[in-house]
Amino acid sequence: MKHEELSLRARPALAALGRYHPGKKIPGTVKLSSNENPLGPSPRAMEAVQAAIAGLERYPDGSALTLREALAERFNVSPDEVLVGNGSDELMMLAAGAYVDPGMNAIVGAHTFSQYAFVTRVFGGEVRVAAMPDGCFNLEAMRQRVDAHTRLFFLCNPNNPTGRYITETDLVELMRMLPPHVLVVLDEAYADYAEARDFPDGTQLLDRFPNLLVLRTYSKIYGLAGLRLGYGFGHPEVIDALARVKQPFSVGNLAQTGGLAALHDEQFIQRSLETNRAGKKLMYAELQRIGYEFYPTEGNFICVQLQGPAELAFEVLHQHGVSVRTLGSFGLPHALRITIGTDEQNHMVVSGLEALRKRMG
Ligand SMILES: Cc1ncc(COP(=O)(O)O)c(C=O)c1O
């Protein structure tokens with residue numbers, strides 16, 4: 001269709017926005033590019049969602065009270081400290097919508113989840129980036145970028161895509177030192193997989209730090225990325241601020257019902273954890289054997305360093321039946337992020353990486 005020239009002008013802030021590049025799914029390959037659960041969805045959630053289909057003529061409960069109460073009980077907080085969203089992506093957008101105006105800024109790391117910068121820019125905020133040597137957040141460098149106009153301070157623990165983590169001691173020290181006008185958005189999308197002894201549980205810090213917002217998701221260990229359900233914990237006033245910018249029905253009936261059921265699917269969670277643990281062990285051993293450098297990971301993915309172009313690696317792995325994530329958009333052009341899969345999938349990755357090694361000499 002031929003269009004006439006438009007005299008409508010979108011907000012200037014949009015000029016700074018890039019489109020999100022999701023992990024690719026190439027037909028006929030195993031998708032290990034979006035850190036989804038290789039075991040599929042939680043069986044309990046599937047069952048509950050099927051049963052809930054009969055109620056689809058109704059609007060969902062806009063306050064998601066039953067689910068919020070269950071999450072509150074599980075995490076030992078009160079329901080007014082919980083908000084659920086259409087994925088944790090929505091909760092990030094709400095945080096920016098509640099706290100960022102033009103002239104304000106947010107602090108992010110150089111190699112982390114792109115949505116933090118995106119949501120800040122949507123509301124016209126400035127994004128202040130701190131380097132991440134060795135794939136780790138440099139909390140001191142991030143703190144130095146804070147000023148009177150800083151509203152949000154984004155952390156991802158463990159970090160996507162590097163898999164590295166912030167220790168409990170470092171997180172607590174940071175929280176103590178940050179001025180109270182800065183809201184720390186601690187994204188714990190992969191925390192369910194973390195096993196390091198000094199890995200902090202952000203939900204345990206909420207009563208000490210009112211300027212902490214902890215985000216979690218059903219998209220990873222619960223295997224429900226397609227359902228779109230995330231949840232967050234924070235001070236009741238923070239939760240109220242986010243709820244004010246939220247659309248009333250962004251979390252549908254099926255998501256609420258599925259989320260409630262998945263929360264109690266202990267067997268599936270354990271199986272997911274064991275699969276990840278075994279896969280991680282295999283990948284560490286094989287990557288070392290073949291001669292790749294990689295970051296140790298606390299998530300369900302591994303960040304592998306490459307000698308040559310990531311595009312070639314992507315291509316060779318594709319030929320071995322797997323799609324992985326190149327990391328140019330994360331500022332890491334010489335690395336790949338590979339989701340830890342089932343044993344069979346991990347072996348496909350290994351043979352692809354072996355072939356790549358041979359190609360590169
Ligand atoms: C660090 C991080 N946070 C949040 C998300 C998105 O979660 P959700 O599917 O709940 O929006 C992802 C998805 O890949 C992620 O990697």
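Sparse packing (at most 14 other Cβ atoms within 10 Å of the Cβ) combined with a DSSP loop state is found for the following GluC sites (Glu not before Pro) in segment 1-41: E4, E5. Between I53 and T169, the simple label model (points 7 Å from Cα in the Cβ direction) yields a spacing of 5.4 nm. Which entries in the list K25/K280; K31/K246; K2/K24 go over 24 Å, if you measure between the two C-alpha atoms of each? Cα-Cα > 24 Å for K31/K246; K2/K24; rest within.
Calculated mean residue ellipticity, 222 nm, the chain: -11000 deg cm²/dmol, from DSSP H runs (n ≥ 4) at -39500 (n - 2.57) each, averaged per residue and rounded to 500.
When peptides 256-264, 177-185 are ranked by their average number of other Cβ atoms within 10 Å per residue, the highest-first order is 256-264, 177-185. The modelled label-to-label distance between Q144 and R176, using points 7 Å beyond Cα along the C-beta direction, is 2.1 nm. Taking all C-alpha pairs of segment 209-361, those more than 18 Å from each other amount to 66 percent.
With the highest mean first, a sort of the peptides 43-51, 168-176 on other beta-carbon atoms found within 10 angstrom per residue produces 43-51, 168-176. Between the beta carbons of T66 and V245, assuming R0 = 22 Å, the FRET efficiency works out to 0.45 to the nearest 0.05. Could you work out the longest stretch of the chain that avoids the chymotrypsin sites (Phe, Trp or Tyr not before Pro) located in DSSP loops with at most 13 other Cβ atoms within 10 Å? Longest run free of exposed loop sites: 21-248.
Only the Cβ atoms of Lys and Arg (+1) and of Asp and Glu (-1) were treated as charged; on that basis the dipole of segment 43-263 about its Cα centre amounts to roughly 380 debye. Across the alpha-carbon atoms of the chain, the computed radius of gyration and Dmax are 20.7, 61 angstrom. Between A131 and L8, the C-beta separation translates, for a Förster distance of 51 Å, into a calculated FRET efficiency of about 0.85.
For D207 and Q307, a Förster radius of 51 Å and the Cβ-Cβ distance give a FRET efficiency of 0.60, rounded to the nearest 0.05. Our summary of shape: the Cα atoms of segment 1-159 have principal axis extents of 54, 48, 37 Å, ordered from largest down, in whole angstrom. Residues considered: S88, S114, S272. Largest GNM mean-square fluctuation over the chain, using C-alpha springs under 10 Å, is found at S114.
Potential lengthening of the chain between Q319 and M360 amounts to 13.2 nm, from the contour at 0.36 nm per residue minus the alpha-carbon distance.
Between T203, T150, T66, the GNM of the chain built on Cα springs shorter than 10 angstrom shows T66 fluctuating the most. The loop-placed GluC sites (Glu not before Pro) in segment 268-342, going by DSSP, that have at most 13 neighbouring Cβ atoms within 10 Å of their Cβ come out as E293. Go ahead and collect, in residue order, the members of segment 44-68 whose backbone nitrogen is under 17 Å from a label point 7 Å along the Cα-Cβ direction of E274. Correct set: 44. Put a dot 7 Å past the Cα of E195, heading toward its Cβ, do the same for S351, and the two dots end up 2.6 nm apart.
No lab work stands behind these numbers, since they all come straight from the coordinates. Fair warning: this is a prediction, and the values are worked out from it, not measured in the lab. All Cβ positions, even for glycine, are placed from backbone atoms using ideal geometry, and neighbour counts span all protein chains on display.
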